[in-house]
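The values are calculated or read from the model by the stated rules, or taken from the named source; none is laboratory data. Small disclaimer: the values here were computed from a predicted structure and weren't measured. Positions of Cβ are generated from backbone atoms using ideal geometry, with glycine treated the same way; all protein chains shown enter the neighbour counts. Heavy atoms of the whole protein, side chains included, go into the accessibility calculation; ligands, DNA and RNA do not. Shrake-Rupley method; radii C 1.70, N 1.55, O 1.52, S 1.80 Å.
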Amino acid sequence: AQSVTQPDIHITVSEGASLELRCNYSYGATPYLFWYVQSPGQGLQLLLKYFSGDTLVQGIKGFEAEFKRSQSSFNLRKPSVHWSDAAEYFCAVGSGSARQLTFGSGTQLTVLP
Amino acid sequence: SQTIHQWPATLVQPVGSPLSLECTVEGTSNPNLYWYRQAAGRGLQLLFYSVGIGQISSEVPQNLSASRPQDRQFILSSKKLLLSDSGFYLCAWTSRGFSGANVLTFGAGSRLTVL
């Protein structure tokens, strides 16, 4: 069975600082990987996805993520965080004909002025 | 373009009262539809999914039920709410067919507080 771990429940960074959110997955084959963002009281919005090919994927809002098979990781990064990036971030993994994505428990990001 | 609507956005209900949350999708046909729940401080839990009219699969036993009376309509219901039903409910859709590559598109959510 597939699983996703987001080790950091809460991260605080200063505006303008760089950001890295960790995601580790467990799956036997090459997974489909996603990052979603959820602003307070809102639904989830897709930031980026990895299916195959280039292991560094670019997403919306200046985010990128790198798939590292050897580490079973798909960490999300942003070079310079903006106050509007404060939200909860979810990593998710899908596989084959899976009927659902498996989501991590989320990482809450706080941005200090 | 496709859009997904959920209502009501916020609901406060007493214990034992019924519940109906509605979700509709526009701009697509034959979508897969999903209901997720997000309890405070926790991740997303898949409650139900549907691949077509009248076809509902339940992922966890609970006090809730789902129905799909029309192709693009998905309803979450309860006959008698429990305190533990409080949470943030999210409807989502993907294109037809099961694939790990399907991208979920979420609605804005419905906040349910059971008192």
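Numbers at a glance
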| item | result |
| --- | --- |
| Residues (within 11 Å of another protein chain (Cβ to nearest Cβ) and in contact with a Phe, Trp or Tyr (Cβ under 9 Å, 6 or more places away or on another chain)) located in the stretch A:6-17 | A:Gln6 |
| Leading residue by the ranking (surrounded by the most Cβ atoms within 10 Å (Cβ to Cβ)) among those in the stretch B:37-67 that are touching a residue at least 24 places away in the same chain (Cβ under 8 Å) and more than 11 Å from B:Gly87 (Cβ to Cβ) | B:Phe48 |
| B:Ser17, sole failed condition from (1) open to solvent by less than 70 Å² (accessible area, probe 1.4 Å); (2) modelled with pLDDT of 95 or more; (3) assigned to a strand (DSSP E or B) | (3) |
| Which numbered condition B:Cys91 fails, given (1) open to solvent by 30 Å² or more (accessible area, probe 1.4 Å); (2) in contact (Cβ under 8 Å) with a residue 12 or more places away in the chain | (1) |
| Complete set of residues in the stretch A:40-64 that are open to solvent by less than 50 Å² (accessible area, probe 1.4 Å) and part of a loop (DSSP other than H, G, I, E, B) | A:Gly41, A:Gly43, A:Gly59, A:Phe63 |
| Some residue of the stretch A:18-25 being touching a residue at least 60 places away in the same chain (Cβ under 8 Å), within 12 Å of another protein chain (Cβ to nearest Cβ) and assigned to a strand (DSSP E or B) | yes |
| Verdict on A:Thr30 being in contact with a helix residue (DSSP H, G or I) (Cβ under 9 Å, 6 or more places away or on another chain), modelled with pLDDT under 95, surrounded by 13 or more Cβ atoms within 10 Å (Cβ to Cβ) and not charged (D, E, K, R) | yes |
| Test: A:Glu88 is on the phi < 0 side of the Ramachandran plot, under 11 Å from the mean Cα position of the chain (by Cα) and free of Cβ contacts under 8 Å to residues at least 24 places away in the same chain | no |
| All positions within the stretch A:35-83 that are more than 14 Å from the chain's Cα centre (by Cα) and modelled with pLDDT of 95 or more | A:Pro79, A:Ser80, A:Val81, A:His82, A:Trp83 |
| Residues that are assigned to a strand (DSSP E or B) and either over 21 Å from A:Asn24 (Cα atoms) or open to solvent by 40 Å² or more (accessible area, probe 1.4 Å) (or both), drawn from the stretch A:65-87 | A:Glu66, A:Lys68, A:Arg77 |
| Checklist (1) without any contact (Cβ under 8 Å) to a residue 60 or more places away in the chain; (2) more than 14 Å from every other protein chain (Cβ to nearest Cβ); (3) over 29 Å from B:Gln6 (Cα atoms) applied to A:Gly53, failing item | (2) |
